[in-house]
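Accompanying notes for the structure given below.
The values are calculated or read from the model by the stated rules, or taken from the named source; none is laboratory data. These figures come from a predicted structure and were not determined experimentally. Heads up, the Cβs are rebuilt from the backbone with ideal geometry, glycines too, and the neighbour counts pull from every protein chain shown. Quick note on the areas: whole protein, heavy atoms, side chains included, nothing else; ligands and nucleic acids left out. Shrake-Rupley method; radii C 1.70, N 1.55, O 1.52, S 1.80 Å.
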Amino acid sequence: MRITAAAAFLVSCMPSLGFALIGNDWNFARALPDGLRDITFPFNMAKAPHRSGFYFAQQFSFHGVKEVGYTGLQPREDKEGRSIVHAAFSSFQGGTTTKHRNCHLGADFGPGVSCAVAVPGNYSHTYDITVENVRGTTWRGTLINSVTRKRAVIGEWTLPRGAGKIVNGQMGFVEYYTWNTQRSHTCDSLPYTHAFFYHPTSRTKGAVDGAVTRVYEYGSCVGQVGYKANKTSTGYNIEVGR
Ligand SMILES: *[C@@H]1O[C@H](CO)[C@@H](O)[C@H](O)[C@H]1NC(C)=O
Ligand SMILES: *[C@@H]1O[C@H](CO)[C@@H](O)[C@H](O)[C@H]1NC(C)=O
């Protein structure tokens, strides 16, 4: 993994106010130097309780601009007997614009654009989130149920002029955002959750062997949240809380 130092730097100045607990690194073993036109991050939250609070996310950055984007899944409470899958797609880059109805200006109280969609969805299915270039510096996030193939556009935003393609390699995280707005909490009060972070894929020419290469704890609750992770051939199980 070549971005360890970069990842550590990003942790210390992450734009999110999020209470991140677990990080992961991802990259493609090979990719053309100008980057990726598309990337797909699959997630599974079959064993996650249907409660708001956790965000299972991957970050990505772009050549030519400074700030990152995030995308990922959040569990939600059931509604009228149906389970709800919430997906987010955001840019923290100042000057990002949008006209998409799922999106609004601002990301975590800072500059950028946030987009989200919530759909009824079976938690035992794996959900793919595709981030792809649609034209110029405009990018679309799409949620795809890998079993039913049902798709929902999460949103679309346009980075400032000069933004290039997606940089090969970034990090991701599990955060408990409920703690962001609480004055204090104890680490051992973290509720249980579980998610599977699959290796990323891309259809971009030259991009091969996408992988989640490492999973690790960070932040102020290291060693206190019942963190467990293990690797399989397709990605990582991540478990936290009690
Ligand atoms: C969810 O999906 C699983 C596996 O495809 C299936 O066995 C189960 O019946 C589904 N549940 C609902 C509520 O549709
Ligand atoms: C890996 O983690 C999952 C869920 O966290 C667990 O069910 C499974 O038993 C673990 N496998 C190993 C080999 O530890």
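Miscellaneous remarks
- Dividing the summed -39500 (n - 2.57) terms of all DSSP H runs of n ≥ 4 by the residue count of the chain sets its mean residue ellipticity at 222 nm at -1000 deg cm²/dmol.
- Cβ-based charge dipole, the chain, positive-most Cα from Ser220, Ile144, Phe109: Ile144
- Per residue solvent-accessible surface (Å²) - the chain, probe of 1.4 Å: 46 Å²
- Here the stretch 7-240 was treated as a single set of alpha-carbon atoms; its pair distances binned every 10 Å from 0 give 8, 34, 40, 17, 1 percent.
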